[in-house]
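Only one structure is covered here, and it is reproduced in the block below.
The values are calculated or read from the model by the stated rules, or taken from the named source; none is laboratory data. If you're wondering where the values come from, they're calculated on a predicted model, not measured in any experiment. Using ideal geometry, Cβ is built from the backbone for each residue, glycine included, and neighbour counts are taken over all protein chains shown.
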Amino acid sequence: MKRSVVFTCLIICLTFLAGSGKAAEVSGQQILSSLSEIFKANPAPEKKVQMVPFADPKDQAVTAYAVLITPGGEVKYHKHEFHSETLTIVSGTGQLFINNQWVELKPGSVHYNPPGQVHALKNLGPDELLLASVFGPAMDPDKPDRVFVDGP
């Protein structure tokens, strides 16, 4: 009995993680890049916040962005209704609004944000804030899942 309950839970979890229960389509191409090189190849000096996709757009499991925020730049209060987001800070410093408070960010900081949770990000440092942002499951590029909200 105990073994069948564990097996059933495992099947339910795997089905949930796969979304519709079928395997996500992935191109199979492995990618290795430097986030700073991504921005050198995609300059946008007029933008305070720049997001450049770096995963294969055919990948239905995740959407991944290299994100550059210039000093004074910010991503206003928002939430993602259907996607989780994981941020990894590569360089620079800033602040992240989570759990109704601002917390410090530095290289090596990692943040997981489940669907529906309000967050915001700002660069208060003198240098560019460089990070990787990964959404799961993959986002439809024609229907971005970002709902801006009023801050506290």
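Annotations
- Here GLN50 clears all of (1) surrounded by 18 or more Cβ atoms within 10 Å (Cβ to Cβ); (2) out of contact with any helix residue (DSSP H, G or I) (no Cβ under 8 Å at 6 or more places or on another chain); (3) not hydrophobic (A, V, I, L, M, F, W, C) except the condition numbered (2).
- Restricting attention to the range 108-152, the residues that are of a type in the set (A, V, I, L, M, F, W, C) and in a loop (DSSP other than H, G, I, E, B) total 5.
- Candidate set: the range 53-94, residues that are at pLDDT 90 or above and among the basic types (Lys, Arg); chosen: the one surrounded by the most Cβ atoms within 10 Å (Cβ to Cβ): LYS79
- Listed by position, the strands (runs of 3 or more DSSP E) contained in the range 27-100 that have at least 3 residues being hydrophobic (A, V, I, L, M, F, W, C) are 49-53, 63-69, 84-91, 94-98.
Residues are listed down the side, and each one gets a yes or a no for (1) within 14 Å of the chain's Cα centre (by Cα); (2) more than 9 Å from HIS80 (Cα to Cα); (3) surrounded by fewer than 19 Cβ atoms within 10 Å (Cβ to Cβ):
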site: LEU121; (1), (2), (3): yes, yes, no
site: LEU124; (1), (2), (3): no, yes, yes
site: ASP127; (1), (2), (3): no, yes, yes
site: LEU130; (1), (2), (3): yes, yes, no
site: ASP142; (1), (2), (3): no, yes, yes
site: VAL147; (1), (2), (3): no, no, yes
site: GLY151; (1), (2), (3): no, yes, yes
